[in-house]
1. Take the residues of the stretch 97-123 that are part of a loop (DSSP other than H, G, I, E, B) and at pLDDT 70 or above: which is farthest from Thr134 (Cα to Cα)?
2. Tally up the residues in the stretch 183-199 that are surrounded by fewer than 16 Cβ atoms within 10 Å (Cβ to Cβ) and not basic (Lys, Arg), please.
3. Could you name every one of the helices (runs of 4 or more DSSP H) located completely within the stretch 22-92 that has at least 1 residues being at pLDDT 90 or above, aliphatic (A, V, I, L, M) and surrounded by fewer than 20 Cβ atoms within 10 Å (Cβ to Cβ)?
Amino acid sequence: MQTAYAEVECAAGTPSAAADEQKFLLAYVPLVQRVVSQLSSQLGGAMDREDMQQVGLLGLLTALRRYGEPDGRFASYATMRVRGAILDELRRQDWRPRAVRQESHRARDGVRKLTRQLGRAPTHAEILKALGLTAEEYRDYELAENAEQLANFDDVLHNMSETSAARCESPEAQFLTRRGIEQALQTLDEREQRVVQLYYEYELSLKEIAAVLDLTEARICQINKGALKKMKDLLQ
């Protein structure tokens, strides 16, 4: 955590401003920890947890400087900024080696082909057999695919939020933005809506959602990935 605190001392300006920033930074550390805990379970060890927390704290610091003194809406804004900072760092590091990306594309194409052949969504066992993968290898693929879809969806939400703030939109315009997200959510089936709600509203990890819905983590990963893609396509 010292890195983010050092950023406060170096760039906040006056001593009183630095003290205020550090006070708010400390107050919202639990928010960063929640985001890191949620993301770490589904990024397949792509980034060390301590590194994720450092990046998240810098994202929180950026949120504080852009937002101003926190109020009742700050936590939601800061959560998006912290998540975005961590996902941006993953992309910057090119966290999936080329061989892994190629294998991911091969698996994705294989699942699509199998789906067309069967005329329905294939079962987990059918996918493993058709692709010649172990359960652990396919789980790694699902985690990578979900992380990529998650990053893409968060980009859409982040851009909508930034655009709204930059335009100083009226309450009516902001309502329409929220309404667009609600309508996109309503296009999902009941189980997809439940997964998205547990993930974004209740901030559960995929493993925790799997326990709540009595499904495998791999199945929750599939549902979440599909739901986010549907919503992203509609919102864009």
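The values are calculated or read from the model by the stated rules, or taken from the named source; none is laboratory data. Just so you know, these numbers come straight off a predicted model, no measurement behind them. All Cβ positions, even for glycine, are placed from backbone atoms using ideal geometry, and neighbour counts span all protein chains on display.
1. So, considering only residues that are part of a loop (DSSP other than H, G, I, E, B) and at pLDDT 70 or above, the one farthest from Thr134 (Cα to Cα) is Gly119.
2. Adding up the residues that qualify gives 7.
3. 29-40, 49-67
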